[in-house]
Structure formats: structure tokens, C-alpha cells
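The next block holds one structure in the form of C-alpha cells; read it before the comments.
The values are calculated or read from the model by the stated rules, or taken from the named source; none is laboratory data. Given the structure is predicted, the values throughout are model-derived calculations rather than measurements. Glycine also receives a Cβ, built like all others from the backbone with ideal geometry; neighbour counts cover every protein chain displayed.
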Amino acid sequence: MKLVVTLIALFFLTMNAPALAQSEASKLLQEGHKLNRTGDLDGAIEFYKKSLKANPEYSAAKSSLKGALKKQAILKIVETFDPVCQKSSNDFNVIKLCLEKHLFFNRQPLHPLIVQEFITWLSDTGDQIISINLRDAFDSNRYCCDDSFSVRLTGKKMVVRTDFTKDYSTRDDNYISQEDCGGSCTFTYAHLGTTDNGAMVIQVWESGGGSGLFSTLLFTKVKERMGANFDYANPSNLAFDKQQIVLEKLFSISLGDRQETSISVNGNFVVLNDTEIKIPSH
């Protein structure tokens, strides 16, 4: 009789094991969120790892861990910046300095989707999109999310990368299946420097899943302008008093497919291999 009772108990425990594991994983995840909100990233990361240990397939824990690790990497990068760039500011001169020197806005790198907007499709010519308001682009649904790209320092160069077949696999927006891609669909950029007259030089690499890795040299500039918020309740109070931080495309240079190119920024000159290009005032 005891054997029968024991077997029945083991049966129900086995049947409930997945639910128990999920419940434990969920509790650990919430503990991680609490620590994350208080700024204890190290503690949050440990709880996210424990949550995944309880349930290795828990997608919420996977994305939370990825986002926390990325935030930790960014904080380490920010610690190397000028002190004025280590905190958020509404002063345009400070914003301009931090973008031109580090390509960071409010202590965050530009989302790859923002930079990608400026790159002309291979099937097109000319420039379709030439400016984006960073103030409203950051933390928007259009350029989402914290866990959708990675950041690393290579020497003194910051490299930001997103993989559309992996980084967006838990969301429908911007997600490309492995079958549709045919490989790894990625977008990567690196800030190479800024000319004395304020042209920010960004190298971009794009892969559409085949063997090609197409590179572009993008030149941008940051400007301040004032926008307006229209209120139907007070239509007569329309005023252009909303600060907009505008990233503007100046021009771009195609660097081809998997071509080795030496690039340096010196004063108002950009040197591509042995070709010296003077960037005029703009």
C-alpha cells in the first residue's frame, strides 16, 4: 500500500514539475526586476540567471538577462566618457558634444534602426530620409527595444550591432525568419570620429543573409530646432517651443562588398585608403 501511495505521489510530482519550475522561474524573474529598478544590475543579472536555471526556455528571463547585460556594458563604456556626458542633459551644447565625441544621446548609443534609416536601399539611388528627431525617436516603439542590439568597445571604437533573425525573435516587429533571411541578417555601425566642423563619421555594415557584407560611410550632423505640440483643446496656443534634437544626413559613400578600406578622420579631412576628402562647412 505504501508503495502505491509513493508511486502516486511521484506521478503527480512529475506531472506538476513543469508548472512548479515555471512558478519558481517567474518569482526569480520578478526579484530580478525589483533589483533592476533600484539600479542593482549585478543583483538583477544573478536573479535572471537563476530564473533561467529554473526554466532554461523562459523567454522573458532570456530577454531580461540580455537587456541587463547590455545595460551593464553601456554603463562601463559611459564611465570612460567626459564627466559631462555621464549624465543626461537638456543643454544642446552638452548634447552636441556627447554626440560628436561619443555618438551617445542621454547616456545611450543610437539604436541601429535609427542609423539604418539613413542608408539608401541597394535598389534605390539618392537620399530618401535625411533627418530624425532623436528626442522622440529614443524609447519609441518604432525604434525598440533595449534588448534588440549589442554594444562593445573595440579599442577606442564603439561597435553597435543588431541581428534581425535573433534579436527580434521574440517580437513580430522587424523580425525576419531564418528561412526568409537565408542566413544572418545583420546591421552594424561604428563611430569613427567627428571632423572639426561637426561632421560625424559612421561606418555601416549590412548583411541580407547571403555572402555579401555591404559597407557604407555615413556623414551626419546634429542640430537643434523647435517643434510644436498641437492641442485641439487650445488651438490658439500653438507655439514652437518643444526642443528637437535633429540628426541630419549630410551624404554617404558606398564602400562596396567586403572591401578592405583604411579610414581616418583628421581635422576636416577624411582619408579613404590614399584618397583625402575635405569636408566643407555645412
_So in the stretch 142-165, with the set limited to residues that are modelled with pLDDT of 80 or more and among the charged types (D, E, K, R), which one is farthest from LYS66 (Cα to Cα)?_
LYS157
*Might you let me know whether the stretch 219-226 holds any residue that is free of Cβ contacts under 8 Å to residues at least 24 places away in the same chain and loosely packed, with under 12 Cβ neighbours inside 10 Å?*
yes
*asked:* Suppose we keep only residues that are closer than 13 Å to GLU248 by Cβ and part of a loop (DSSP other than H, G, I, E, B) within the stretch 111-152. Which one would you say is farthest from the chain's Cα centre (by Cα)?
replied: ASP127
*Go through the stretch 75-96 and give me each residue that's more than 17 Å from LEU153 (Cα to Cα), in contact (Cβ under 8 Å) with a residue 24 or more places away in the chain and of a type outside the set (S, T, N, Q).*
PHE92, ILE95, LYS96
*Inspect all residues belonging to the stretch 241-250 and state whether any of them is of a type in the set (Lys, Arg) and at pLDDT below 95.*
yes
*Would you check if there is a residue in the stretch 169-177 being among the polar types (S, T, N, Q), modelled with pLDDT of 90 or more and within 17 Å of LEU113 (Cα to Cα)?*
no
*Across the stretch 153-165, which residue is nearest to the chain's Cα centre (by Cα) among those that are assigned to a loop (DSSP other than H, G, I, E, B) and either crowded, with 18+ Cβ neighbours inside 10 Å or of a type in the set (A, V, I, L, M, F, W, C) (or both)?*
PHE164
*asked:* If I ask for residues that are among the hydrophobic types (A, V, I, L, M, F, W, C) and surrounded by fewer than 16 Cβ atoms within 10 Å (Cβ to Cβ), which ones from the stretch 116-140 would you list?
replied: TRP121, LEU122, ILE129, ILE130, PHE138
*On the given criteria, is THR186 assigned by TED's automatic domain parsing to the domain that holds ILE263, at pLDDT 75 or above and within 17 Å of the chain's Cα centre (by Cα)?*
yes
*Can TYR58 be described as buried (at least 16 other Cβ atoms within 10 Å of the Cβ), under 28 Å from MET158 (Cα atoms), touching a Ser or Thr at 6+ places or on another chain (Cβ under 8 Å) and among the aromatic types (Phe, Trp, Tyr)?*
no
*asked:* I need the full set of residues from the stretch 34-45 which are in a helix (DSSP H, G or I) and surrounded by fewer than 17 Cβ atoms within 10 Å (Cβ to Cβ), in order please.
replied: LYS34, ARG37, LEU41, ASP42, GLY43
*asked:* Which residue is surrounded by the fewest Cβ atoms within 10 Å (Cβ to Cβ), if the candidates are limited to the stretch 251-278 and must be at pLDDT below 95 and part of a loop (DSSP other than H, G, I, E, B)?
replied: ASP274
